[in-house]
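Structure record follows, encoded as structure tokens.
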Amino acid sequence: MKKYITSILLICLLCFVTNAQTDKKAEPSKWTPEDIINRESMGSVSFSPNNNMVVWTKRKPVKDKDQFISDIYLTRLDMKKDDAFRTIQLTNGDDSDSSPIFSKDGEHIYFLSSRDKGNKLWSLSIYGGEAKKVKEFKNGISNLQWQNENTLLFQSHDGKTLYEQKFEEEKDNVIVVEDSLNWRPNHVYAFNIKDKSTKRLTNNEKPLSGYQISKDGKWLFYSMQRSRSYAADAQQDPFHYLKNLDSGKVIKIKHNLGQPMGNIQFTDNNKGFYFTSTYASDPEWNGAGVSELYYYTLATHTYKKVDLKWDLGIGRGFNVVENDAIVTLANKAYIRLAYYKKNSNSWSKSNIDLDEKNDHTSIITISDDGKKVIYTYSTASRLPTFHVADLNGNKFSNQQELVKLNKNLSKKILAKSEVIVWKGYNNEEVTGILIYPENYQEGKRYPLMLSIHGGPAGADLDLFSDRWSTYPQLLSQKGMFILKPNYHGSSNHGLSFVESIKGNYYEPEMEDIIKAIDVLDKEGKIDKNQMGTMGWSNGAIITTMLTVRYPNMFKVAAPGAGDVNWTSDYGTCRFGVSFDQTYFGGAPWDDTNGKFYNENYIIKSPLFEIEKIKTPTIIFHGSEDRAVPRDQGWEYFRGLQQSGNTPVRFLWFPGQPHGLGKITHQLRKMKEEIQWIDSYLFNKLATENKAFKEDSPLAELLKIQEAKSVDGFFGEIKNGILIPETLLIKKDSTSIGRFEVTNAQFKAFKPSFNYEAGIDNYPAEVSMQDAKDYVKWLSDKTGETYRLPNTKEAKSLHKQAHKIGAKELTLNYWAGYDITKAEVPILNEKLSKELKTILYKKVGKKKPTKVGDAIVYDLGGNIAEYYENGIYGYSAYDFYDANDDSMITSKHVGIRVIKE
């Protein structure tokens, strides 16, 4: 059941911090695969009408569902606490809530949810309370937009036709790949939130690919597909329409652009809209190109290209500000914000006033009135931060951090990075992101890992982008350089650069990469005898061909979802026609160079040279991938397996498309990949014993063997006396006893201390005065400073003791059942009359727990422990009360030492 939260929940985790650590900066910690995939970000961000609030979503993992879901948050820009904007989590649970938008009066938030098959519209009051179901839409609801204060637009499908119902009743699950006779279109609908009535606004016969409403609610732009989603790429582009919702008149937009219109955004004066379209030299196949900006005038139904005064085109979209536009321009390995002011029928350009942040800033959203902006700022070696600012033309002012995300990552070690430039194919400039190894020392050579982006018309920018498919932060801490090259064919570098590999696939890209390796080698940075290559999608495609053409260059390869056979790709990739014809110059059967087939499909396929590969290769592929067809992975594996020239491992992810979505699959991919790199790049073959269970009794026995002992007595000898072993809590900090002080150790201090034979390694039960005298004596004898825990430490240790108390050696354990507090006196009566032995046992009998980095035993039981002002923990004679974690008074107490 979904829970809706109406107040902020503050959870304070008490950490063990000693006096010696108080003034020290926290030690940076290492990255883990879990850190990478769980990194937080803002999604579906929008302002309230009065700009005083921001609603947004944050993704979180749900282990039981093995997927990521999103919750809704509200940030108050008119309220601060501890110098931060007040943020409230509105929803929480195992269902995903999405697409939140404010009502026009700002009093409610409407949103969608995965609950109840995702067919309901929900609302929340900004003043709190439970979420309410507004209405159920049996055929689905998506893409919410306001037409006016009472009318909410959305997309939904028609109901199933008799034709579809018939096959469903017969449990016929045949997939019709192409069917021009039976369509199931979706439409735009208007929903009145007052009277709950619904009206259909479009009568398209084929599916929509999107819509947009003008600010005054008069004009509806929508696009209609002209072919089905299966095996129909490089066919007809969609039709675009404008509907006047006042008159009902529909106008088909006529244009001679080579590729479809996209990213429609109406201006505030409702006189037109901006849109983008891709320009390429091969519009017939919708090939890669540069994104250009256009303006469409509603009065004349004409459009005009906006002169960006920038040859590289648009990098990451644009945002309308009143009647103007802020454009995120392509800037090679960077992005750049620019403001375009509309002056009648032309535009004047000015730079955004953000100083050094300009090339590293991505706009998330702009308020409806154009007065506020939310943006994120990062570099490849700087975690993203999220900011809000006042906006006035090209001026950002009053910049403040909106929310603080990824607090758990702020203490992680961040690798140094830089943008590098070198001369590649045709002696042209190529860029890339170079991430340095942790603790880099100039003059020392390090291993190199290529992390190659997909696309090929993608780009690696100087922005933080670590994720399950590429994670330089993790690799850097292994002591290697990571190069993310923007090879020829990458976007963000201009038209000639992105089109340079059309009809010339592989050659420019590989020359770029090999020349980058040579540059790094000449600079003395890398060890060419220790190099690897990895990548997803087109990154895997290039990785594979590198191991074909340079069989002795790389020690390890990790390609994910890559092609090896272009002939089979053409017929099975969902965009095989447009992609393959663009890069290989036509269809497989086209006559080239006097042959009766296109020889590029053979000579460009690694499969036909796969016996050359000598690089140990781990292959990843999703079973439902149609971007790079799933059977490419099988062909790849079969070729390497049968050639037998190198180790190969193939991981097949059931139910996964081109990108891995399941939490377990993302983690498995990363961990398998890292192990493969360790094995073949660093020659660190896995030592894991597959028959050994980490939390087994055998594992506990092996752990206890790590404890220091002398002639069977736990501890170590110093200056001729037996003393307790201590372990560092954190590097360069204080230490804590692995065990409680034993009988044998205490007798070294007090020879008159007697105990029964055979219990030398049992905890010593002593008085408070004895405990204080013992640590003073220990300090005098060793020349080091020993003491009892201070009050702050004791409270923290007791918290941990309470967490594990139910599993420790307490009275609860000896009772043998879930004893209640009322039964304790009755049980103690029996103990006092009949018990002839002690209840506590040899130290280290129970599982250990962590105090910082130290592994300690018996913290929550066996014997309670003294601190400077009292007692913490529990003894074997004490009742552990799960409902009461206050400090206790015990009659059976010993010592656990702290060493400065």
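The values are calculated or read from the model by the stated rules, or taken from the named source; none is laboratory data. Since this is a predicted model, take the numbers as computed values, not measurements. Here Cβ is always computed from backbone atoms with ideal geometry, including for glycine, and neighbour counts include all displayed protein chains.
Odds and ends about this structure:
- All conditions in (1) surrounded by 17 or more Cβ atoms within 10 Å (Cβ to Cβ); (2) assigned to a strand (DSSP E or B); (3) among the polar types (S, T, N, Q) hold for Asn358, with the sole exception of (2).
- Scope the range 877-900; condition of a type outside the set (Ser, Thr, Tyr), surrounded by fewer than 19 Cβ atoms within 10 Å (Cβ to Cβ) and over 42 Å from the mean Cα position of the chain (by Cα); matching residues: Lys891, His892
- Remark: pairs (first residue in the range 517-545, in contact (Cβ under 8 Å) with a residue 24 or more places away in the chain and assigned to a helix (DSSP H, G or I); second residue aromatic (Phe, Trp, Tyr) and surrounded by fewer than 24 Cβ atoms within 10 Å (Cβ to Cβ); Cβ separation under 8 Å; 6+ apart in sequence or on different chains) = Val519/Trp422; Ile542/Tyr506; Met545/Tyr506.
- Checklist (1) under 30 Å from Arg59 (Cβ atoms); (2) surrounded by 17 or more Cβ atoms within 10 Å (Cβ to Cβ) applied to Ala707, failing item: (1)
- Residue match in the range 127-134 (condition: aromatic (Phe, Trp, Tyr) and either touching a strand residue (DSSP E or B) at 6+ places or on another chain (Cβ under 8 Å) or more than 30 Å from Ile88 (Cα to Cα) (or both)): no
Here is a yes/no grid of residues against (1) surrounded by fewer than 16 Cβ atoms within 10 Å (Cβ to Cβ); (2) among the small types (Gly, Ala, Ser); (3) more than 30 Å from Asp66 (Cβ to Cβ); (4) in the same structural domain as Lys502 (by TED's automatic domain parsing):
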{"residue": "Asp580", "(1), (2), (3), (4)": "no, no, yes, no"}
{"residue": "Gly594", "(1), (2), (3), (4)": "yes, yes, yes, no"}
{"residue": "Phe620", "(1), (2), (3), (4)": "no, no, no, yes"}
{"residue": "Ser623", "(1), (2), (3), (4)": "yes, yes, no, yes"}
{"residue": "Gln642", "(1), (2), (3), (4)": "yes, no, yes, yes"}
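- Counting the residues of the range 400-433 that are more than 30 Å from Tyr506 (Cα to Cα), touching a helix residue (DSSP H, G or I) at 6+ places or on another chain (Cβ under 9 Å) and part of a strand (DSSP E or B) gives 1.
- Among the conditions (1) loosely packed, with under 10 Cβ neighbours inside 10 Å; (2) within 24 Å of Tyr786 (Cβ to Cβ), the only one that Lys690 does not satisfy is (2).
- Qualifying residue in the range 99-114 (condition: free of Cβ contacts under 8 Å to residues at least 24 places away in the same chain and in a strand (DSSP E or B)): yes
- Evaluation of Asn269 against (1) touching a residue at least 40 places away in the same chain (Cβ under 8 Å); (2) in contact with a Phe, Trp or Tyr (Cβ under 8 Å, 6 or more places away or on another chain); (3) within 18 Å of Asn244 (Cβ to Cβ) (one fails), failing number: (2)
- When Lys478, Lys502 are checked against the criterion of being in a loop (DSSP other than H, G, I, E, B), closer than 26 Å to Ile413 by Cα and among the charged types (D, E, K, R), Lys478 stands alone in meeting it.
- The residue list Thr543, Thr615 contains one member that is crowded, with 24+ Cβ neighbours inside 10 Å and more than 27 Å from the chain's Cα centre (by Cα), which is Thr615.
- For the range 844-876, the set of residues classified as surrounded by fewer than 21 Cβ atoms within 10 Å (Cβ to Cβ) and within 22 Å of Asp770 (Cα to Cα) consists of Glu868, Asn869, Gly870, listed by residue number.
- Boolean, Pro508 is in a helix (DSSP H, G or I) and within 20 Å of Phe584 (Cβ to Cβ): yes
- Residue within the range 797-809 that is touching a residue at least 24 places away in the same chain (Cβ under 8 Å), crowded, with 21+ Cβ neighbours inside 10 Å and outside any helix (DSSP H, G or I) present: yes
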